[in-house]
1. In whole Å, what is the distance between the alpha-carbon centres of the range 157-182 and the range 97-148?
2. Sort I72, I147, I115 so the one with the fewest other Cβ atoms within 10 Å of its own Cβ comes first.
3. Please arrange D95, D137 by counting, for each residue, the other beta carbons lying within 10 Å of its beta carbon, fewest first.
4. Once you put a point 7 Å from the Cα of I173 and another 7 Å from the Cα of T146, both along the Cβ direction, what distance in nm separates them?
Amino acid sequence: MSEPTVNPLRLTKSVVLVASLLLLILCARYSWMQTRSARDQRHSGNRLVTWLLNPVIGKPLNPQSLPTLNGIAAVRGTDSALVAVGQNGTILRTDDGGRSWRQLLSGTGTSLHSIAFSTRLSGWAVGDDGTILHTTDGGANWRSQTIGTGARLQRVIFISEEQGWVVGADGLILATRDGGAS
């Protein structure tokens, strides 16, 4: 009787599913959830309520004029800074807990799906076509990192300044133990 074989592709997809679920649980634990709403965003209890204010005049923006947002993250080491990412390279930042937002220049037109900050200044955003962006100044400037894949990158998480992971399409899992240098 032969031993059963394990399909490595199925195992890899299972690992990606488990990793994605763990990321979702972490997001829910800290009560910041991904939103597809193009309206205003405000944290309220354990859910993300739509509440994005125009930083110039303080009135709600027209939801039809805003891009789809795919991910949001708290900036470590701050009390009220959040950064959201979305379609067409959109990066938005608030330093007042969501009362006002400003758009940051990402340098890409590629849709971004996830963002994470390991410190107050150091953060990563990931998206389509293997896009990884890194900032060392809190988001004022972003630079592209080449990783040798064109896969859709779906989630990024850092648990320290040095250690982080990215999960992507087709079971792709990337890891760094040197703060994204490799």
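Taken together, the values in this text are just the output of simple stated rules run on the coordinates, not laboratory data. Since the model is a prediction, treat every value here as computed from it, not as a measurement. FYI the Cβ positions are ideal-geometry reconstructions off the backbone, even for glycines, and counts take in every protein chain you see.
1. With the range 157-182 and the range 97-148 each reduced to a Cα centre, they are spaced 14 Å.
2. I147, I72, I115
3. Details: D95 17, D137 11.
If I rank by nearby Cβ atoms, fewest first, I get D137, D95.
4. Spacing of the two 7 Å Cα→Cβ label points: 2.7 nm.
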